[in-house]
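Student: My structure is below; once you've seen it, I'll send some questions.
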Amino acid sequence: MPSTLPVVVDRTSPVPLYHQLAEQWAAAIHSGALKPGDPFENELALVARLRLSRPTVRKAMDELVRQGLLVRRRGVGTHVASTLNQRRDPLTPLFDRLLTTGRQPATEVLRLQSSRPNPEAARQLGLAIGTPLLYLERLRRAEGRPLVVLRSWLPPRFADVIADDFTDHGLYEVLGARGASQVVATQQVTARIPTLRERRLLDLTRRDAVLAVSWLSQDGDGNGLEYGLHTYRGDAAIENTLYKEC
(Lines give C-alpha, C1' and ligand atoms only; values in the text may rest on other atoms or scores of the structure.)
Protein backbone atom coordinates (compact mmCIF):
# COMPACT_ATOMS: atom_id res chain seq x y z
CA MET A 1 0.00 0.00 0.00
CA PRO A 2 1.31 3.49 -0.81
CA SER A 3 2.36 5.56 2.21
CA THR A 4 0.27 8.63 3.01
CA LEU A 5 2.92 11.13 4.02
CA PRO A 6 1.78 14.17 6.00
CA VAL A 7 2.09 17.29 3.85
CA VAL A 8 1.79 20.87 5.06
CA VAL A 9 0.55 23.31 2.40
CA ASP A 10 0.67 27.04 3.06
CA ARG A 11 -1.84 28.68 0.72
CA THR A 12 -0.67 32.17 1.75
CA SER A 13 2.97 31.49 0.80
CA PRO A 14 4.47 33.05 -2.36
CA VAL A 15 5.98 29.62 -3.11
CA PRO A 16 3.70 27.83 -5.62
CA LEU A 17 1.68 24.96 -4.17
CA TYR A 18 3.20 22.40 -6.52
CA HIS A 19 6.70 23.46 -5.38
CA GLN A 20 5.67 23.02 -1.75
CA LEU A 21 4.47 19.50 -2.51
CA ALA A 22 7.50 18.58 -4.61
CA GLU A 23 9.96 19.84 -2.00
CA GLN A 24 8.33 17.89 0.83
CA TRP A 25 8.10 14.69 -1.20
CA ALA A 26 11.72 15.07 -2.39
CA ALA A 27 12.86 15.57 1.21
CA ALA A 28 10.97 12.39 2.23
CA ILE A 29 12.73 10.43 -0.50
CA HIS A 30 16.18 11.81 0.33
CA SER A 31 15.67 11.19 4.06
CA GLY A 32 14.57 7.59 3.52
CA ALA A 33 11.00 8.12 4.75
CA LEU A 34 10.09 6.96 1.24
CA LYS A 35 12.38 4.15 0.14
CA PRO A 36 13.48 3.08 -3.35
CA GLY A 37 10.76 1.02 -4.98
CA ASP A 38 8.00 2.15 -2.59
CA PRO A 39 4.60 2.68 -4.26
CA PHE A 40 3.55 6.33 -4.41
CA GLU A 41 0.03 7.55 -3.73
CA ASN A 42 -1.92 8.11 -6.97
CA GLU A 43 -3.09 11.50 -8.23
CA LEU A 44 -6.78 11.09 -7.44
CA ALA A 45 -6.12 9.93 -3.88
CA LEU A 46 -3.76 12.88 -3.34
CA VAL A 47 -6.27 15.35 -4.77
CA ALA A 48 -8.96 14.09 -2.40
CA ARG A 49 -6.71 13.89 0.65
CA LEU A 50 -4.91 17.21 0.22
CA ARG A 51 -7.88 19.12 -1.27
CA LEU A 52 -5.77 20.45 -4.10
CA SER A 53 -6.46 20.61 -7.81
CA ARG A 54 -5.39 17.74 -10.00
CA PRO A 55 -3.11 19.96 -12.18
CA THR A 56 -1.26 21.10 -9.02
CA VAL A 57 -0.71 17.54 -7.82
CA ARG A 58 0.25 16.34 -11.29
CA LYS A 59 2.76 19.19 -11.75
CA ALA A 60 4.41 18.33 -8.40
CA MET A 61 4.64 14.66 -9.37
CA ASP A 62 5.96 15.58 -12.83
CA GLU A 63 8.73 17.58 -11.15
CA LEU A 64 9.85 14.54 -9.17
CA VAL A 65 9.68 12.34 -12.27
CA ARG A 66 11.85 14.92 -14.08
CA GLN A 67 14.35 14.79 -11.21
CA GLY A 68 14.44 11.00 -11.42
CA LEU A 69 12.95 10.54 -7.94
CA LEU A 70 9.66 9.00 -9.12
CA VAL A 71 9.04 6.54 -11.95
CA ARG A 72 5.69 6.01 -13.67
CA ARG A 73 4.90 2.65 -15.24
CA ARG A 74 1.74 2.01 -17.22
CA GLY A 75 -0.40 -0.60 -15.52
CA VAL A 76 1.78 -0.56 -12.41
CA GLY A 77 1.50 3.01 -11.13
CA THR A 78 4.01 5.45 -9.68
CA HIS A 79 6.90 4.30 -7.50
CA VAL A 80 9.93 5.85 -5.84
CA ALA A 81 12.82 5.31 -8.24
CA SER A 82 15.28 2.54 -7.50
CA THR A 83 18.49 4.17 -6.28
CA LEU A 84 21.52 2.95 -8.18
CA ASN A 85 24.20 4.88 -6.36
CA GLN A 86 24.65 7.52 -3.71
CA ARG A 87 28.05 8.62 -2.44
CA ARG A 88 30.19 11.50 -1.26
CA ASP A 89 33.61 11.82 -2.87
CA PRO A 90 36.52 14.14 -3.48
CA LEU A 91 35.91 15.50 -6.96
CA THR A 92 37.71 14.30 -10.08
CA PRO A 93 36.05 16.14 -12.98
CA LEU A 94 34.67 14.16 -15.91
CA PHE A 95 36.23 16.76 -18.23
CA ASP A 96 39.71 15.89 -16.88
CA ARG A 97 39.06 12.14 -16.94
CA LEU A 98 38.13 12.27 -20.60
CA LEU A 99 41.34 14.15 -21.36
CA THR A 100 43.53 11.69 -19.45
CA THR A 101 41.97 8.73 -21.30
CA GLY A 102 42.62 10.35 -24.66
CA ARG A 103 38.97 11.17 -25.39
CA GLN A 104 38.75 14.81 -26.39
CA PRO A 105 35.84 16.45 -24.56
CA ALA A 106 33.75 19.18 -26.16
CA THR A 107 31.14 21.29 -24.40
CA GLU A 108 28.20 23.09 -25.96
CA VAL A 109 26.52 25.65 -23.71
CA LEU A 110 22.80 25.32 -24.36
CA ARG A 111 21.58 27.89 -21.84
CA LEU A 112 23.18 30.37 -19.48
CA GLN A 113 20.75 32.51 -17.51
CA SER A 114 21.47 34.75 -14.52
CA SER A 115 19.06 35.83 -11.78
CA ARG A 116 16.96 32.68 -12.22
CA PRO A 117 15.33 31.57 -8.94
CA ASN A 118 14.74 27.88 -8.21
CA PRO A 119 13.44 27.06 -4.71
CA GLU A 120 14.72 23.46 -4.63
CA ALA A 121 18.17 24.37 -5.97
CA ALA A 122 18.45 27.25 -3.48
CA ARG A 123 17.47 24.92 -0.62
CA GLN A 124 20.05 22.35 -1.68
CA LEU A 125 22.74 25.05 -1.86
CA GLY A 126 21.82 26.34 1.62
CA LEU A 127 20.47 29.66 0.31
CA ALA A 128 17.20 31.52 0.81
CA ILE A 129 14.45 30.23 -1.51
CA GLY A 130 14.21 33.46 -3.52
CA THR A 131 17.96 33.78 -4.13
CA PRO A 132 18.68 34.51 -7.82
CA LEU A 133 20.87 31.70 -9.14
CA LEU A 134 22.92 31.22 -12.29
CA TYR A 135 21.43 28.45 -14.45
CA LEU A 136 23.84 26.65 -16.76
CA GLU A 137 22.88 23.87 -19.18
CA ARG A 138 25.56 22.09 -21.22
CA LEU A 139 25.87 19.16 -23.59
CA ARG A 140 29.11 17.22 -23.11
CA ARG A 141 30.49 15.18 -26.01
CA ALA A 142 33.57 12.99 -26.34
CA GLU A 143 35.02 12.43 -29.80
CA GLY A 144 31.84 13.89 -31.26
CA ARG A 145 29.51 11.51 -29.41
CA PRO A 146 27.01 12.96 -26.90
CA LEU A 147 27.46 11.63 -23.36
CA VAL A 148 25.52 13.79 -20.91
CA VAL A 149 23.25 16.82 -20.53
CA LEU A 150 24.48 18.82 -17.53
CA ARG A 151 21.94 21.11 -15.85
CA SER A 152 23.50 23.20 -13.06
CA TRP A 153 22.38 25.89 -10.63
CA LEU A 154 25.17 28.02 -9.14
CA PRO A 155 25.18 30.59 -6.31
CA PRO A 156 25.10 34.29 -7.28
CA ARG A 157 28.80 34.71 -6.48
CA PHE A 158 29.47 32.96 -9.81
CA ALA A 159 27.23 35.33 -11.79
CA ASP A 160 30.21 36.50 -13.89
CA VAL A 161 30.62 33.06 -15.50
CA ILE A 162 30.23 33.27 -19.32
CA ALA A 163 29.72 30.65 -22.02
CA ASP A 164 33.22 31.13 -23.45
CA ASP A 165 34.69 29.91 -20.14
CA PHE A 166 33.73 26.36 -21.14
CA THR A 167 35.43 26.22 -24.53
CA ASP A 168 38.48 24.45 -23.09
CA HIS A 169 37.63 24.07 -19.42
CA GLY A 170 35.33 22.05 -17.18
CA LEU A 171 33.01 23.64 -14.62
CA TYR A 172 35.22 23.08 -11.59
CA GLU A 173 38.27 24.56 -13.29
CA VAL A 174 36.12 27.61 -14.03
CA LEU A 175 34.87 27.77 -10.42
CA GLY A 176 38.38 27.16 -9.09
CA ALA A 177 39.57 30.28 -10.91
CA ARG A 178 36.95 32.12 -8.83
CA GLY A 179 38.13 30.78 -5.48
CA ALA A 180 36.32 27.44 -5.14
CA SER A 181 38.59 24.78 -3.66
CA GLN A 182 38.59 21.43 -1.83
CA VAL A 183 35.41 20.35 -3.56
CA VAL A 184 33.44 17.32 -2.41
CA ALA A 185 30.20 16.08 -3.95
CA THR A 186 27.20 13.97 -3.06
CA GLN A 187 25.24 12.28 -5.80
CA GLN A 188 22.24 10.04 -6.22
CA VAL A 189 21.73 8.06 -9.39
CA THR A 190 18.47 6.65 -10.74
CA ALA A 191 17.35 5.13 -14.03
CA ARG A 192 14.44 6.58 -15.99
CA ILE A 193 13.00 7.12 -19.43
CA PRO A 194 14.44 10.20 -21.21
CA THR A 195 12.34 13.17 -22.21
CA LEU A 196 11.85 13.95 -25.88
CA ARG A 197 14.43 16.75 -25.68
CA GLU A 198 16.95 14.47 -23.94
CA ARG A 199 16.47 11.84 -26.64
CA ARG A 200 17.22 14.45 -29.27
CA LEU A 201 20.29 15.85 -27.51
CA LEU A 202 21.76 12.47 -26.58
CA ASP A 203 20.85 10.73 -29.85
CA LEU A 204 18.68 8.08 -28.17
CA THR A 205 15.73 5.99 -29.28
CA ARG A 206 12.41 5.40 -27.51
CA ARG A 207 13.78 2.11 -26.14
CA ASP A 208 16.84 3.67 -24.46
CA ALA A 209 17.01 4.55 -20.76
CA VAL A 210 19.13 7.24 -19.14
CA LEU A 211 20.83 7.59 -15.79
CA ALA A 212 19.70 10.70 -13.92
CA VAL A 213 22.18 12.12 -11.41
CA SER A 214 21.07 14.45 -8.64
CA TRP A 215 24.30 16.24 -7.68
CA LEU A 216 25.37 18.59 -4.90
CA SER A 217 28.93 19.87 -4.52
CA GLN A 218 30.38 21.89 -1.64
CA ASP A 219 33.67 23.51 -0.79
CA GLY A 220 35.79 22.60 2.22
CA ASP A 221 33.73 24.91 4.46
CA GLY A 222 30.44 23.29 3.47
CA ASN A 223 29.29 26.13 1.19
CA GLY A 224 27.19 24.98 -1.76
CA LEU A 225 28.86 25.32 -5.17
CA GLU A 226 26.60 23.48 -7.61
CA TYR A 227 23.24 21.75 -7.53
CA GLY A 228 22.91 19.67 -10.65
CA LEU A 229 20.39 17.43 -12.39
CA HIS A 230 22.45 15.62 -15.01
CA THR A 231 21.27 13.08 -17.58
CA TYR A 232 23.68 10.44 -18.94
CA ARG A 233 23.33 8.00 -21.75
CA GLY A 234 23.07 4.58 -20.15
CA ASP A 235 26.10 3.29 -22.05
CA ALA A 236 28.20 6.18 -20.70
CA ALA A 237 28.06 4.45 -17.30
CA ILE A 238 29.13 1.17 -18.85
CA GLU A 239 32.21 2.93 -20.21
CA ASN A 240 32.94 4.18 -16.66
CA THR A 241 32.58 7.86 -17.51
CA LEU A 242 29.84 8.37 -14.92
CA TYR A 243 30.08 9.58 -11.32
CA LYS A 244 32.81 12.23 -11.59
CA GLU A 245 31.24 15.38 -12.87
CA CYS A 246 31.53 18.39 -15.03
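The values are calculated or read from the model by the stated rules, or taken from the named source; none is laboratory data. Not measured: the values here are computed from a predicted model. As a convention, Cβ positions derive from the backbone with ideal geometry for all residues, glycine included, and neighbour counts pool all protein chains shown. The area values use the complete protein model at the heavy-atom level, side chains included, leaving out ligands, DNA and RNA. Shrake-Rupley method; radii C 1.70, N 1.55, O 1.52, S 1.80 Å.
Student: Tell me, what is the FRET efficiency for residue 10 and residue 191 to the nearest 0.05, using R0 = 30 angstrom and their Cβ-Cβ distance as r? Working shown, then result.
Tutor: Numbers: r = 34 Å, r/R0 = 1.13.
FRET efficiency, residue 10 to residue 191: 0.35.
Student: Enumerate the calculated ³J(HN,Hα) couplings along the range 166-181 in order (Karplus 6.51 cos²θ - 1.76 cosθ + 1.60, θ = phi - 60°), each rounded to whole Hz, writing x wherever the residue is Gly or Pro.
Tutor: 9, 4, 10, 9, x, 4, 6, 5, 5, 5, x, 5, 10, x, 6, 8
Student: Relative to the present Cα-Cα distance, how much length would full extension add between residue 66 and residue 33 at 0.36 nm per residue of separation? Mind dumping the intermediate values first?
Tutor: Details: separation 33, 0.36 × 33 = 11.88 nm, distance 2.00 nm.
Stretched out fully, the residue 66 to residue 33 stretch lengthens by 9.9 nm.
Student: While we're here: Given a 1.4 Å probe and every protein chain left where it sits, what share in percent of the accessible area of the range 18-72 is carbon and sulfur?
Tutor: On the way: 1350 of 2410 Å².
Whole-percent figure for carbon plus sulfur exposure: 56.
Student: When the gyration tensor of the range 1-84 is built from Cα positions, what are the square roots of 5 times its three eigenvalues, in whole Å, from largest to smallest? Present the calculation step by step, with values, prior to reporting the outcome.
Tutor: Details: eigenvalues 79, 40, 27 Å².
Equivalent-ellipsoid dimensions as semi-axes: 20, 14, 12 Å.
Student: Under the definition of Cα pairs under 8 Å and six or more residues apart, what whole-number percent is the relative contact order of the range 133-231? Present the calculation step by step, with values, prior to reporting the outcome.
Tutor: Values: 163 pairs, mean separation 29.6, N = 99.
With pairs under 8 Å counted, the relative contact order is 30 percent.
Student: Okay, moving on. What is the Å³ per residue value for the convex hull set by the Cα atoms of the range 102-168?
Tutor: On the way: hull volume 6.2 nm³, N = 67.
It comes to 92 Å³ per residue, whole-number rounded.
Student: Follow-up. Quick one: pull the percentage of alpha-carbon pairs in the range 144-207 with a separation above 19 Å.
Tutor: On the way: 999 of 2016 pairs.
Beyond 19 Å sits 50 percent of the P(r) for the range 144-207.
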